[in-house]
Amino acid sequence: MNTPASRQGNLIRYIFYLIGYLMVAGAFKLVTMNSPIHIWDLILFITISLMVLLFFIYRFNREQRFFDRSYSGSWLNNFGLIIASTIVITVLRIFVSWLQSTGKLKMYHFQIAYLHHESTLAYWFLLLALGVVIPVLQEFLITGFLFNYAFRQNTVMTAVLGIIVSGVLFSLLNWQDSIALLLVNALFGAIFAWSYLHTQTIWMPIYLAVLNSVILIIMT
């Protein structure tokens, strides 16, 4: 029960982490339901987000002592991956935004809501919440904890299955009423998961997820 090798313990922990994420998502929904944004709703979101984020970081770092990280790539190799991944995510996100601007893809839910209640405060809140906080929590939940608990075997099949599952969960957490957008989100989620397996550090998919979300919001 006390280590990531316990299936029962893993399930209980993961459900607990999922509840924490849903609390943040609920607080985000509460803020965006009101226009203009209410200051107390904003304070509630920030408070819950900080609590859950700190808890995720603490638990993830604590659990890392149970894993043997075998990756030995140099800093220059990681630097090259960072640059290449940054370019790929940026180009893909711009391409998707172009498809949306030409009517070939639907708008995201938050984009439609923002266009109806456009304001400076709403924009900065989206940049903070959807651009930073929620992507970070999602990567801990559907990449870090998920692989640590469910996809620990060092095989190609396990890696591929984990990447697919992580991509699907990313798409579900960012649910859209469009199959095309769901597939787009699944692709981004799979790329984030792959970067985690390649570098064996949670900070790589977190960086890419935040980059993706920030570009998405800026181009709204």
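The values are calculated or read from the model by the stated rules, or taken from the named source; none is laboratory data. Since the model is a prediction, treat every value here as computed from it, not as a measurement. Positions of Cβ are backbone-derived with ideal geometry, glycine not excepted, and every protein chain shown enters the neighbour counts. Only protein heavy atoms, including side chains, enter the accessible area calculation; ligands, DNA and RNA are left aside. Shrake-Rupley method; radii C 1.70, N 1.55, O 1.52, S 1.80 Å.
Across the stretch 121-137, coupling constants 3J(HN,Hα) worked out from phi with the 6.51/-1.76/1.60 Karplus curve, θ = phi - 60°, read 5, 4, 5, 5, 5, 4, 5, 6, 6, 7, x, 10, 4, 5, x, 5, 5 Hz, and Gly and Pro carry x.
Relative to the longest principal axis of the Cα atoms of the chain, the long axis of helix 156-173 makes an angle of roughly 20 degrees.
Accessible surface of H198, taken over heavy atoms with a 1.4 Å probe and every protein chain present, rounds to 80 Å².
With respect to the chain, whose longest principal axis is taken over its alpha-carbon atoms, helix 75-101 is tilted by about 30°. Here the simple spin-label model places points 7 Å from the Cα toward Cβ, and for M51 and Q64 these points are separated by 2.6 nm. Relative to the dominant Cα principal axis of the chain, helix 203-218 is inclined by about 10°. The charge dipole of the stretch 61-220, taken about its Cα centre with unit charges on the Cβ of Lys, Arg, Asp and Glu (plus for the first two, minus for the last two), comes to roughly 160 debye. Couplings 3J(HN,Hα) of the stretch 183-192, computed from phi: 5, 4, 5, 4, 5, 4, x, 5, 5, 4 Hz, in residue order, whole Hz [Karplus 6.51 cos²θ - 1.76 cosθ + 1.60, θ = phi - 60°; x for Gly and Pro].
From the Cα gyration tensor of the stretch 80-183, with a ≥ b ≥ c the square roots of its eigenvalues, which class applies: rounded if a/c is under 1.5, or else prolate if a/b is larger than b/c, or else oblate?
Prolate shape, in that a/c is at least 1.5 and a/b is the bigger ratio.
Kirkwood radius and radius of gyration were both taken over the C-alpha atoms of the chain, and their ratio Rg/Rh is 0.97.
For Q200, no residue 5 or more places off, or on another chain, has a built amide H under 5 Å of its own.
Counting only protein chain heavy atoms and rolling a 1.4 Å probe, the accessible areas of S119, S35, S171 rank, largest first, as S35, S119, S171.
Between L169, T86, V184, the Cα set farthest toward the positive side of the dipole of the chain (charges on each charged residue's Cβ, about the Cα centre) is that of L169.
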